[in-house]
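Reviewing the structure listed below.
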Amino acid sequence: MQADVYKGVINDVIGQVKEAFLDENVDIDVLQQLKKDWEEKLIASNSVDWDGPRYVPPPPLRQMKQPIMTSTTIPPGSTVRIAQNGQVNTTEYCVS
């Protein structure tokens, strides 16, 4: 979009001065070279993306750790504390 605005301005200016160049017997190739130099300076300044948007790959997906599931046999009459997020919960369960 931004490149279209710059291209439009350049083409308008070149179109408006073309008649003056012809009236002054200046070769039209000079005007075309001026247009080319103007565009190249815009490209070199990185102020406009002349070729349009480029493909930017998305950032890599982060892999989340899978929870490790284990099973343990708890003898009857034992007290069990539940740990969650690395912290021991205060709730205790009695296995019967």
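Each value in this text was obtained by applying a stated rule to the coordinates, not by laboratory testing. Predicted model, so just to flag it, every value in this text is computed and none were measured. Note that each Cβ is placed from the backbone with ideal geometry, even for glycine, and that neighbours are counted across all protein chains shown.
Tabulated values for the structure
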{"read-out": "Karplus-derived 3J(HN,Hα), 6.51/-1.76/1.60, for each residue of the stretch 6-20, Hz, glycine and proline x", "value": "4, 4, x, 5, 4, 5, 4, 5, 4, x, 6, 8, 4, 4, 5"}
{"read-out": "Projected label distance in nm at THR79 and LYS35, using a 7 Å step from Cα toward the beta-carbon", "value": "8.9 nm"}
{"read-out": "Sequence-distant lysines (8 or more away, or on other chains) whose Cα lies within less than 28 Å of LYS36", "value": "LYS7, LYS18"}
{"read-out": "For ASP49, distant residues with modelled amide H under 5 Å away", "value": "ALA3"}
{"read-out": "Compactness of the stretch 2-44, expressed as Rg and Dmax over alpha-carbon positions, Å", "value": "11.0, 34"}
